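The values are calculated or read from the model by the stated rules, or taken from the named source; none is laboratory data. Just so it is clear, the model here is predicted, and its values are computed rather than measured. All Cβ positions, glycine included, derive from the backbone under ideal geometry; neighbour counts span all protein chains shown. Accessible surface areas use protein heavy atoms only, side chains included; no ligands, DNA or RNA. Shrake-Rupley method; radii C 1.70, N 1.55, O 1.52, S 1.80 Å.
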Amino acid sequence: MQNQNMLIGGVETPSAGGTTFVVTAPASGEVLGTVPRAGAKDVDRAVTAAARGFDAWFRLRPAEREAALLRAAALVAQEGQARFLDTLIDESGSTITKARGEIAYTVDLLRTAAGEARRLYGETFPNDDPHRISMVFREPLGVVGVVSPYNAPLSLLTKMCAFPLAAGNSLVIKPSEETPLTALAFGRLLLDAGVPPEAVNVITGFGGECGAELVNHPRVRCIALTGSTATGIAVGQAGLNKMRRMQLELGGKSALLVLRDADPQQAAKIAAQGIFTHSGQICMANSRIVVEREIYQPFITALKAEAEALHLGDLRDERTIYGPLINGRAVEKVLEHVSEAVAGGAQLLTGGEVLHGLVVKPTVLLNPPRESRAWREESFGPVASVVAVENLEQAIEVANDCDYGLSAAVLTNNLQWGFHAARRIASGAVHIGMHAFQSNALAPIGGVGLSGLGRSGGHYSTEEFTEMKWISADVGSLPR
Ligand code: NAD
């Protein structure tokens, strides 16, 4: 049982009101600990500290910011298992494989961001007056409010923090109420790595309470939110009222196209990985599978076999593919989506029920109605919907009949078909020969439509978390 405090100005801090809330393990229901339930006063304290921390952090030389982020990467590489592994498994219901993957990606992200600290490149541009010089500087924004989700509570949080820090911003982190322990451990690690205590602050609490207070605080210059589209719209509207810079990484309903030349067995294996990893609680999960009719039958036979063969056991068993959904509401939503689709005429190929606790069986729906929530909305669970199409053009049309556009994928051996589809699918990313759930610390991750605004990763994040400033000088004529 861990009863933890928030991190404000480098000091372990209870909430001003003394209130706390309980963190439970989705796999066992066991109480893992309590954390403070932050309110307006706590947000104000954290933002005030971060405003001071901004001065301390931005004044450091780029090489010093780079060194601090590299020390953080080294700490995760050396101590990541001890600091994060159990918490990731217990708090977010990650399998040991997914937790190790998050830790490895965290090292990669911190190293990549460290390099960005030296790359706040500017520009010059010509002026018709030969005596004038015009330059564009990139400057950090100030205090960035980081509001993070539960599904990848370490690696996504790292991505949301490391790049703004590299650019010289300070942070107030508000993690998901489901996963505050991971975020507090990450905050402590950044301080251990030498980031000035006031530059990184972690408050714990609920979205509608301290999250909304953070978005509205007058000294916050930017909100970076990764979460659902509904939250993104609410936060985006509040942020726009205050003219905040906003980076919104939201939901997805990714399409996987299986073209007629693909090997059905291999395609089914890839499709299953792309939807069932972490119980489908992945923004890029390929929950819509669009298959050319020529291989539809062998593909669905293979996908059913893949789904039914998945090992769903102890989270610390390396064979386990996935564990529980995060809470009871998530299970209810998934089952509702499935039963509504079936009532509308979909065929339930496999799954569609709870295995035990919060674990939902791998589920495959055939031909759900186009207007059903299972087809149009994010179920955020282990549910794949499969439809057959006549040809590539129809596959692209079906993929694009969607309000989201985060990631997509095309399984084919024909690169011409692959690129043709990739160029025409409305999506922040399209992957050929792979499933839709792909990461790369240098890639511009983000989406179109209801999947959000902005991009994160590599220098794309640097652009998001800096402001351009035009500075010009009249250098006059040469002295005689
Ligand atoms: P969520 O929207 O419920 O919560 C995300 C965060 O927003 C939490 O910290 C929450 O407390 C906070 N929040 C909620 N309401 C708020 C408000 N009114 N003001 C301020 N903060 C508020 O999302 P979740 O359930 O934690 O995460 C799953 C969602 O995140 C899925 O929709 C998934 O697709 C999305 N996601 C997107 C990406 C991406 O890269 N695009 C990555 C991971 C997850």
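The requirement of being buried (at least 23 other Cβ atoms within 10 Å of the Cβ) and in contact with a Phe, Trp or Tyr (Cβ under 9 Å, 6 or more places away or on another chain) is not satisfied by residue 43.
Scan the stretch 433-452 for residues that are small (Gly, Ala, Ser), crowded, with 16+ Cβ neighbours inside 10 Å and over 15 Å from the mean Cα position of the chain (by Cα) and report the count.
Filtering the stretch 433-452 for residues small (Gly, Ala, Ser) gives 433, 436, 439, 441, 443, 446-447, 449, 451-452.
Keeping just the survivors that are crowded, with 16+ Cβ neighbours inside 10 Å gives 436, 439, 441, 446-447, 449, 451-452.
Those still in the list that are over 15 Å from the mean Cα position of the chain (by Cα) too: 449.
The number of residues fulfilling the criteria is 1.
Counting only strands (runs of 3 or more DSSP E) that sit completely within the stretch 303-377, those holding 2 or more residues that are assigned by TED's automatic domain parsing to the domain that holds residue 269 and farther than 23 Å from residue 268 by Cβ correspond to 354-356.
Residue 464 meets each of the listed conditions (1) within 30 Å of residue 363 (Cβ to Cβ); (2) in contact with a Gly (Cβ under 7 Å, 6 or more places away or on another chain) apart from (1). Taking first residues from the stretch 352-366 that are closer than 12 Å to residue 338 by Cβ and partners that are among the basic types (Lys, Arg), the Cβ contacts under 8 Å between residues at least 6 apart in sequence or on separate chains come to 352/361; 353/361; 354/361; 364/304.
Of (1) open to solvent by 10 Å² or more (accessible area, probe 1.4 Å); (2) on the phi > 0 side of the Ramachandran plot, residue 457 satisfies all except one. Which? Of everything listed in (1) open to solvent by 10 Å² or more (accessible area, probe 1.4 Å); (2) on the phi > 0 side of the Ramachandran plot, residue 457 misses just condition (1).
Checked against the criterion of being within 19 Å of residue 326 (Cβ to Cβ), among the hydrophobic types (A, V, I, L, M, F, W, C) and more than 9 Å from the ligand (Cβ to nearest atom), the candidates 165, 184, 190 yield just one match: 184.
Scanning the stretch 96-109 for residues that are open to solvent by 10 Å² or more (accessible area, probe 1.4 Å) and of a type in the set (Ser, Thr, Tyr) yields 97, 105. Looking only at residues that are in contact with a helix residue (DSSP H, G or I) (Cβ under 7 Å, 6 or more places away or on another chain) and within 8 Å of the ligand (Cβ to nearest atom) in the stretch 224-247, which one is most open to solvent (accessible area, probe 1.4 Å)? Per the criteria, the residue is 231. Only residues that are free of Cβ contacts under 8 Å to residues at least 12 places away in the same chain and within 15 Å of residue 281 (Cβ to Cβ) were counted in the stretch 367-395, giving 0. Assessment of the stretch 446-463 against the conditions (assigned to a loop (DSSP other than H, G, I, E, B), without any contact (Cβ under 8 Å) to a residue 24 or more places away in the chain and not assigned by TED's automatic domain parsing to the domain that holds residue 155) yields no matching residue. Taking residues in the stretch 202-226 that are at positive phi, and partners anywhere that are part of a helix (DSSP H, G or I) and within 9 Å of the ligand (Cβ to nearest atom), the pairs with Cβ atoms closer than 8 Å and at least 6 places apart or on different chains are 205/211. Of the strands (runs of 3 or more DSSP E) that lie entirely inside the stretch 110-161, those containing 2 or more residues that are closer than 13 Å to residue 463 by Cα and open to solvent by 30 Å² or more (accessible area, probe 1.4 Å) span 132-140.
State whether one or more residues within the stretch 196-217 are modelled with pLDDT of 95 or more, open to solvent by 20 Å² or more (accessible area, probe 1.4 Å), within 8 Å of the ligand (Cβ to nearest atom) and within 17 Å of the chain's Cα centre (by Cα). Yes - at least one qualifying residue is present in the stretch 196-217. Residues that are of a type in the set (Gly, Ala, Ser) and closer than 20 Å to residue 377 by Cα within the stretch 291-343 comprise 328, 330, 339, 341, 343, listed in sequence order. Restricted to the stretch 10-94, the set of helices (runs of 4 or more DSSP H) holding at least 2 residues that are farther than 30 Å from residue 322 by Cβ and modelled with pLDDT under 95 comprises 40-59.
Of everything in the stretch 63-76 that is in contact (Cβ under 8 Å) with a residue 12 or more places away in the chain and open to solvent by 60 Å² or more (accessible area, probe 1.4 Å), the residue that is nearest to residue 140 (Cα to Cα) is 70.
Against the condition open to solvent by less than 10 Å² (accessible area, probe 1.4 Å), within 28 Å of residue 471 (Cα to Cα), at pLDDT 95 or above and touching a strand residue (DSSP E or B) at 6+ places or on another chain (Cβ under 8 Å), how does residue 181 come out, does it pass? Reasoning before the result, please.
Details: open to solvent by less than 10 Å² (accessible area, probe 1.4 Å): yes; within 28 Å of residue 471 (Cα to Cα): no; at pLDDT 95 or above: yes; touching a strand residue (DSSP E or B) at 6+ places or on another chain (Cβ under 8 Å): yes.
No: the conditions fail for residue 181.
If we keep just the residues of the stretch 248-276 that are closer than 30 Å to residue 305 by Cβ and within 13 Å of the ligand (Cβ to nearest atom), which is surrounded by the most Cβ atoms within 10 Å (Cβ to Cβ)? In this case the residue turns out to be 254.
For (1) of a type outside the set (Gly, Ala, Ser); (2) under 14 Å from residue 68 (Cβ atoms), each residue gets a yes or a no:
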{"site": "128", "(1), (2)": "yes, no"}
{"site": "149", "(1), (2)": "yes, no"}
{"site": "152", "(1), (2)": "no, no"}
{"site": "170", "(1), (2)": "no, yes"}
{"site": "179", "(1), (2)": "yes, no"}
{"site": "190", "(1), (2)": "yes, yes"}
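Search the stretch 422-445 for residues being under 22 Å from residue 392 (Cβ atoms), of a type in the set (A, V, I, L, M) and in a strand (DSSP E or B), and hand back the single one that is nearest to the ligand (Cβ to nearest atom).
Looking at the filtered set, the residue picked out is 430.
For the stretch 308-317, does any single residue satisfy the condition of being of a type in the set (Gly, Ala, Ser), surrounded by 18 or more Cβ atoms within 10 Å (Cβ to Cβ) and modelled with pLDDT of 95 or more? Taking every residue of the stretch 308-317 in turn, none turns out to be of a type in the set (Gly, Ala, Ser), surrounded by 18 or more Cβ atoms within 10 Å (Cβ to Cβ) and modelled with pLDDT of 95 or more.
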